[in-house]
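Notes follow the structure.
The values are calculated or read from the model by the stated rules, or taken from the named source; none is laboratory data. Since the structure is predicted, the reported quantities are computational estimates derived from the model, not experimental observations. Because the Cβ atoms are built from the backbone with ideal geometry, glycine has one as well, and the counts that use them run over all protein chains shown.
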Amino acid sequence: MTDRIDKRDRAPIFRARLTEAMASRKMSQAELARQTGVDRSTISALLQAGTRLPNAQLAADCARALGISADWLLGLSGRPEPIADLLAASLSLTEAPRALIDERIFGWHQEAAGYKIRHVPATLPDMLKTRAVVAWEYEPQLGRTAEQAIGAFEDRLKWMRGAGSDYEIALPLHELTAFATGSGYYEGLAAEVRREQIQHLIRLCELLYPSLRLCLFDAKKVFSAPVTVFGPLLAVIYLGRHYLAFRDTARVETISQHFDFLVREAEVGARDMAAHLAGLLERVR
C-alpha cells in the first residue's frame with residue numbers, strides 16, 4: 001500500500017522537478033507556456049512557492065513538452081523517463097536467425113558469465129549436442145562452410161563451459177523420447193548418431209553435476225515455451241523468428257519463478273537423469 005502524500009508536500013516536489021526539467025532542457029517559461037497552450041503567468045505561478053498544483057491536463061502537457069513522466073513530475077514516481085522509454089529499455093524484440101552461431105545469444109551468455117542460467121530449449125540444448133547432431137541439423141543452411149562454422153561453434157561452447165555459470169536445463173519428456181525413437185523433428189537422424197548423442201548426455205550429466213542439472217517435465221501437466229533466464233539480468237523468450245527479451249527485475253523474476261515451477265514439477269530430476277537416459281538407449285533403433 002503506497003503512502004498518501006499531502007498536497008502541501010507534493011507541491012514543492014512538483015515545483016522542484018518542474019524547475020529541474022526546464023533547466024535540464026534549457027526551456028524558458030515562455031517556451032513551456034507556448035508548448036502547453038497556457039499563459040506565461042500560469043507557468044510562473046506553478047514555479048512560485050505555495051501549494052498550487054496543476055490540473056491533470058496541464059501536468060500531462062508539461063511532461064510531454066519536457067519529455068518526462070507526468071508521474072515523476074507529480075512525485076508519484078522516482079524515474080523521470082516517460083513510460084514508453086522505460087518499456088523500450090526493459091523490453092526488446094530482436095531477430096532470431098536460423099544460424100549455428102547466434103552472436104546475440106553468445107553476447108547474452110558473456111554478459112551473464114558467473115550467474116546461474118536457466119534454460120528451456122526448443123530442441124536438444126545446442127551446448128550439449130554432439131558434432132554429428134549439429135552437422136545433421138545445420139548443414140542444410142551452412143552448405144560448403146559447414147565445417148568452418150561447426151569449428152567456430154565448438155570454440156564458443158568451450159568458452160561457455162568455462163565461464164563459471166551453472167546451467168539448469170528443463171526439457172519436456174517427449175523431446176528426448178522423440179529423439180531416442182527418431183520420430184517427429186528427429187525423423188531421418190541415424191540410429192548410431194542418436195545413440196552416440198544419448199551416451200554423450202549421460203557422460204555430461206555424470207561428469208558436470210551439479211554445475212549442469214538436466215530435468216524432464218511432463219508437457220501434459222505443465223508447459224513452457226522456449227525460454228532462457230540469464231541470472232538476474234535478463235529473461236529471453238524464443239518466438240521462432242524473434243527473441244522477446246526482458247530486462248526489468250519484476251519480469252525476470254516472474255520468468256525465473258516459472259522455470260523453478262518446471263523443476264519442482266519435473267517427472268525426472270537431475271539426480272535421476274543419467275539412469276533415465278540409459279533406459280532411452282534401449283529404444284534407439
Being of a type in the set (A, V, I, L, M), at pLDDT below 85 and out of contact with any Phe, Trp or Tyr (no Cβ under 9 Å at 6 or more places or on another chain): is that true of M1 here? yes
Could you list, in sequence order, the residues of segment 233-249 that are basic (K, R) and surrounded by 15 or more Cβ atoms within 10 Å (Cβ to Cβ)? R247
Can you go through V268, V284, V252, V227 and tell me which one is without any contact (Cβ under 8 Å) to a residue 40 or more places away in the chain and crowded, with 18+ Cβ neighbours inside 10 Å? V252
Is there a residue being part of a loop (DSSP other than H, G, I, E, B) and of a type in the set (D, E, K, R) anywhere in segment 272-280? no
What residue, of P80, P121, is modelled with pLDDT under 90 and not hydrophobic (A, V, I, L, M, F, W, C)? P80
Strands (runs of 3 or more DSSP E) contained entirely in segment 211-251, each with at least 1 residues that are more than 8 Å from the chain's Cα centre (by Cα): 212-217, 234-238, 242-246
Scanning segment 194-218 residue by residue, those of a type in the set (A, V, I, L, M) and either within 15 Å of P125 (Cα to Cα) or surrounded by 14 or more Cβ atoms within 10 Å (Cβ to Cβ) (or both) turn out to be I198, L201, I202, L204, L208, L212, L214, L216
Scanning segment 16-40 residue by residue, those touching a residue at least 24 places away in the same chain (Cβ under 8 Å) and under 13 Å from D61 (Cα atoms) turn out to be L18, L32, Q35, T36, G37
